[in-house]
Structure formats: C-alpha cells, structure tokens
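Working notes, structure below.
The values are calculated or read from the model by the stated rules, or taken from the named source; none is laboratory data. Just so we're clear, the structure is a prediction, and the values are computed from it rather than from any experiment. All Cβ positions, glycine included, derive from the backbone under ideal geometry; neighbour counts span all protein chains shown. What goes into the accessible areas is simple: the full protein's heavy atoms, side chains included, and nothing from ligands, DNA or RNA. Shrake-Rupley method; radii C 1.70, N 1.55, O 1.52, S 1.80 Å.
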Amino acid sequence: MGLRRMADKVNPASSSAAAAEASRDRLWFASWMRWIPTSRSDIIQSEQRLLTLVKTPYVQEQVNIGSGPPGSKVRWFRSASNQPRFINTVTFENKNAASAPTLVMVHGYAASQGFFFRNFDALAAHFRIIAIDQLGWGASSRPDFTCTSTEETEAWFIDSFEEWRKAKNLDKFILLGHSFGGYVAARYALKHPEHVQHLILVGPAGFSPESDRFIQFRSTWKGAVANFFWDSNLTPQAIIRSLGPWGPNLVRRYTGARFGTYASGNILNGQESTLLSDYIYHTLAGRASGELCLKYIFKFGAFARSPLQESAPHWKVPTSFIYGVDDWMDYKGGIEASKRMKVPSEVIRVRKGGHFVFLDNAVAFHAAVLYSCRKHLPETTEKEAKDDGDFFPAFSSFD
C-alpha cells in the first residue's frame, strides 16, 4: 500500500516532465516546420526599423481599396474572398504642404517602398512624398494571383493603383516609378493622364527592344532551358523561400555585394546594409502574390510582351527618363520612345549610378528629380539642381 502511495506521488511529477518534454518537442518541430522565418508582422517591423534611418516624420497607413474594381464581377485577382484589400502607404509631409507638389513613388520588381529610404529626407524638403507597396508586394495585401494574360496582369496593378488614388483623394500628382514600377506608372499614365502632372521613369522596364543577340541566345539549348524556367514562373522570391532558414544569409550576401563591393557609387554603411538586408529578406520571403506577374508582362530577358515604345505616340503626360550611366536598362530605349512622343520628354543620365541609381548616387538622383520637376517647383530649384547634380541630359524636347 505504501509503495502504491509512493508511486502515486512520483507518477504525477514524471507525467509533468514527460508532458514538458513533449511540449518542447512540439515547439521545436513547429519552429523547424516554420521553414520560412517571416510573417506579415515581420515585414512591417523590418520596414519600421529601416525607416528609423529617415529623419523626416512620416505616417504609415493601410489604405483600403475594397475587394475589387467597382462594377466588376471579378474580385481582385479572382479571389473568392470578399475581404477588402489594402495598400501599404507611407507619407512624408512637406513643411510647406499647402503649396508643395505631391510626388508618388512606386517601387520596382522584387522591391518595396523602403528601397527609397535614402531619398525621403532630401525629396521631402521639396515635395509631399507618398510611397506605396504595390498590391501583392511588401506590407500590402497579398491575395492569390490568378491572372492569365498580359491585359489582366496590367489591370491588376493599374486598377488597384487607381482605387488607391481614389481612397487617398488625390487629384493631381507627379508619378515616379522605378524599373517594373516604371512600367506600371507608364501604363497608368496612359490610362489616366488627367491625374498625372509629370511622369518620372527611373530605369524603366518595357522600353528596350529585344536585341538580335538575345533572340539568337533563346534559340540555343541553354536559352531554351532558361526560357522554360521563366515560363514556369520560377521567381527569385521562390528560390529565397525554398532555402528556408538559409534565405536571410543569402540575402545579406547579395545586399553586401550589390550595394557594397560591386556598388556603382556610394556604398551602404554597416547600419544601412543590415537594416536593408533584413527588410529585403522579409519582403521577398512573404507570401507569393504580385511577383507572379513576371511571365505575363515580360518575356525572358525582361523584354515587354507589349513594348511601351509602341504606345509612345499616344503619350499625353510630359515625361522624364532617369538612368544611371551603369544601368543595365538601355537608356537608348528611352530616347527612342521620347522621339515618338508628342509631348515634352527628356532622358537624363546620372553618373556613378546603376539600376538602383537612387541608392548608388542619391545626391545626384535627387538633383535629377528636382531638375525633372522644374516646371512644378520654384525657379531657384532648377539652378540648385544643376549646381549640385552629377547628371547630364542625353535627349530633351522640352523648351
């Protein structure tokens, strides 16, 4: 009887220890099963950490754009859900907000609005700055992507941006887009020119014609293999996610190389590199959504399926192209498009800058933006831009 009572006293403790061990095992397993170490809250927190580098006060908000375009039977991305979608928006108010023009900044592919962190302070001295994460990117909503054509995919970005504009009650603004964001900005300006005072396209995708050399490469077996992976929609983000807990280290190495060792201009300092790397990882590793647009808008090699040069004669908005001199996007595509436009346009090249010219040579990039917007800013700004800017015009049809 005594032994039984002793056993009764010992067993509960043993059971508790066993339960605790089992709980630890479950937690370890759950942690291991969380193969991709990110979440939406991680994206937002990494954005907030990156923006501590910016001195200008800002307001971050999730702008509700509803569940689909008004009057459409198709909800955003054919989602079965009725839940509203949101555009992550960061606004930097100018101290002279009443008179300062509004500059809306749109990021490129595999990026988000935080990539402009080196530019917010300088540009906010002249503009009311609004930077967004396009729908399906960054900290914006990431619904299922089910578009099946170039037209649907373009509408995905253009229509969601237009609903965002309405929700923000913006009428006229200067629109700046980088790379793929430049493609979206250009398509938006073609559809809604009444809202865009001036268009600034920074290393924009969609203007460069497909070269004979690239067409030749596609006809080889190596080109056929590369094209197969492109058409299967294997994105850089999918590769990062597949690496699980090793993904952050790869992104750190990429950031250190691209914006450090192999930078075209001013390299990132240690704090900038750490915070940007962390931000890039979380925005890339998040749920797949907008990234899946790639094969529908571009052919292998980032050549547009619907080249923007063909639309140049229909342009209605004055346009400034800005390219880093080391940009892999060919500035000659911007010149050719400008020659076909019936509105004033110009092509500006920035020294010591590559595709991410706004990071590589931020000071000269700011000067180029101010120069581009000279019609919308005080007269002194144009002289200030010319004096400070390490840039030069490659083409202009402005007076």
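Whether any residue in segment 339-349 is part of a loop (DSSP other than H, G, I, E, B), open to solvent by less than 10 Å² (accessible area, probe 1.4 Å) and of a type in the set (Val, Ile, Thr) is what I want to check.
Start the filter on segment 339-349 by keeping residues that are part of a loop (DSSP other than H, G, I, E, B), which leaves 341-344.
Right, trim to open to solvent by less than 10 Å² (accessible area, probe 1.4 Å) and you get none.
Within segment 339-349, not a single residue is part of a loop (DSSP other than H, G, I, E, B), open to solvent by less than 10 Å² (accessible area, probe 1.4 Å) and of a type in the set (Val, Ile, Thr).
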Would you check which residues across segment 31-63 are under 18 Å from the mean Cα position of the chain (by Cα), of a type in the set (Lys, Arg) and at pLDDT 95 or above and list them? 49
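Name the residue that is most open to solvent (accessible area, probe 1.4 Å), counting only residues in segment 276-334 that are assigned to a helix (DSSP H, G or I) and basic (Lys, Arg).
Result: 332.
Being farther than 30 Å from residue 214 by Cα and either in contact with a Ser or Thr (Cβ under 6 Å, 6 or more places away or on another chain) or not polar (S, T, N, Q) (or both) is the requirement here; does residue 372 meet it?
On the way: farther than 30 Å from residue 214 by Cα: yes; either in contact with a Ser or Thr (Cβ under 6 Å, 6 or more places away or on another chain) or not polar (S, T, N, Q) (or both): yes.
Yes; evaluated as a whole, the condition is true for this residue.
Considering each residue of segment 85-109, count those that are within 11 Å of residue 181 (Cβ to Cβ) and either open to solvent by 10 Å² or more (accessible area, probe 1.4 Å) or not in a loop (DSSP other than H, G, I, E, B) (or both), and give that number. I'd like the intermediate steps shown before the answer.
Restricting attention to segment 85-109, the residues satisfying the condition of being within 11 Å of residue 181 (Cβ to Cβ) are 104-109.
Okay, now just the ones that are also either open to solvent by 10 Å² or more (accessible area, probe 1.4 Å) or not in a loop (DSSP other than H, G, I, E, B) (or both), so 104-106, 109.
Counting residues in segment 85-109 that are within 11 Å of residue 181 (Cβ to Cβ) and either open to solvent by 10 Å² or more (accessible area, probe 1.4 Å) or not in a loop (DSSP other than H, G, I, E, B) (or both) gives 4.
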Failed item, numbered, when residue 175 is tested on (1) open to solvent by less than 10 Å² (accessible area, probe 1.4 Å); (2) assigned to a helix (DSSP H, G or I): (2)
Within segment 124-172, the residues that are in a loop (DSSP other than H, G, I, E, B), open to solvent by 10 Å² or more (accessible area, probe 1.4 Å) and modelled with pLDDT under 95 are 125, 126, 141, 142, 144, 145, 146, 147, 148, 149
